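Heads up, the thing below is written out as structure tokens.
The values are calculated or read from the model by the stated rules, or taken from the named source; none is laboratory data. Please read these numbers as outputs of a predicted model, since none were measured by experiment. Quick reminder, even Gly has a Cβ in these numbers, built from the backbone with ideal geometry, and neighbours come from all protein chains shown.
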Amino acid sequence: MKRILFIVAIMLIAGMAFSQENAPKKVNKENNQSENVEKRSDILFDKLVHDFGAIEKGGDASCVFTFKNVTKKPVTLTNVKTSCGCTAADWPKEPIAKKKKGSIKVKYDSNRIGKFTKTIKVFIEGNENPIQLEIRGTIVAPNANDVKVAPADKKVNEIDNTKKSANPQVKEAKPEEVKQSKK
């Protein structure tokens with residue numbers, strides 16, 4: 001019995017030790033930005049996530065993340081890394097003066113149909129922890145909204161191709177026409 005109580009006590013202590021956070025966080029609901037209560041970085045982004053929503057294949061999937069140097073000294077971005085080769089980032093190589101703004105331009109290859117979520121890590125001189133930005137969205141096929149489906153309550157027996165149209169019209173065949181076409 002003493003062994004069981006000892007094991008349970010060790011598990012409780014270990015669970016409490018591993019559940020501790022380094023710094024409490026506050027969430028700024030206005031721009032989806034999560035910040036540590038203690039100072040985390042020398043720059044402050046206007047947003048950390050950009051949601052493109054639905055974009056047509058081949059459409060413009062680029063956005064700009066704007067940031068501000070919140071220190072009293074110039075800040076230099078040392079590197080900006082994207083999570084894969086389908087995302088490219090253009091960032092300022094020169095130092096950003098105190099209280100001035102800068103921007104990172106991000107472009108996603110929109111020739112890949114489907115949902116995507118990509119990360120961009122921003123490394124700042126003198127800070128070992130990168131700031132993580134995120135882009136997300138869905139690439140849809142061109143004219144995906146123009147696809148027409150025949151009603152489920154009607155049987156599709158014949159397609160009327162007499163009209164010169166990209167969208168053929170569906171018409172219902174009479175039972176005697178179906179019997180004749182089977183012969």
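Taken together, the residues in the range 90-114 that are in contact (Cβ under 8 Å) with a residue 24 or more places away in the chain and either touching a Ser or Thr at 6+ places or on another chain (Cβ under 8 Å) or not basic (Lys, Arg) (or both) amount to 17. Determine whether Glu56 is at pLDDT 90 or above and of a type in the set (Asp, Glu). Answer is yes for this residue.
The residues of the range 115-134 that are farther than 13 Å from Leu77 by Cβ, loosely packed, with under 15 Cβ neighbours inside 10 Å and touching a strand residue (DSSP E or B) at 6+ places or on another chain (Cβ under 6 Å), listed by number, are Lys115, Thr117, Gln132.
The strands (runs of 3 or more DSSP E) falling completely within the range 41-122 include none with 2 or more residues that are closer than 13 Å to Arg136 by Cβ, out of contact with any helix residue (DSSP H, G or I) (no Cβ under 7 Å at 6 or more places or on another chain) and outside the structural domain of Ile135 (by TED's automatic domain parsing).
Residues of the range 109-147 that are of a type in the set (Ser, Thr, Tyr) and at pLDDT 95 or above: Thr117, Thr119, Thr138. Reported count of residues in the range 79-91, each being loosely packed, with under 14 Cβ neighbours inside 10 Å and closer than 20 Å to Ile43 by Cβ, is 3.
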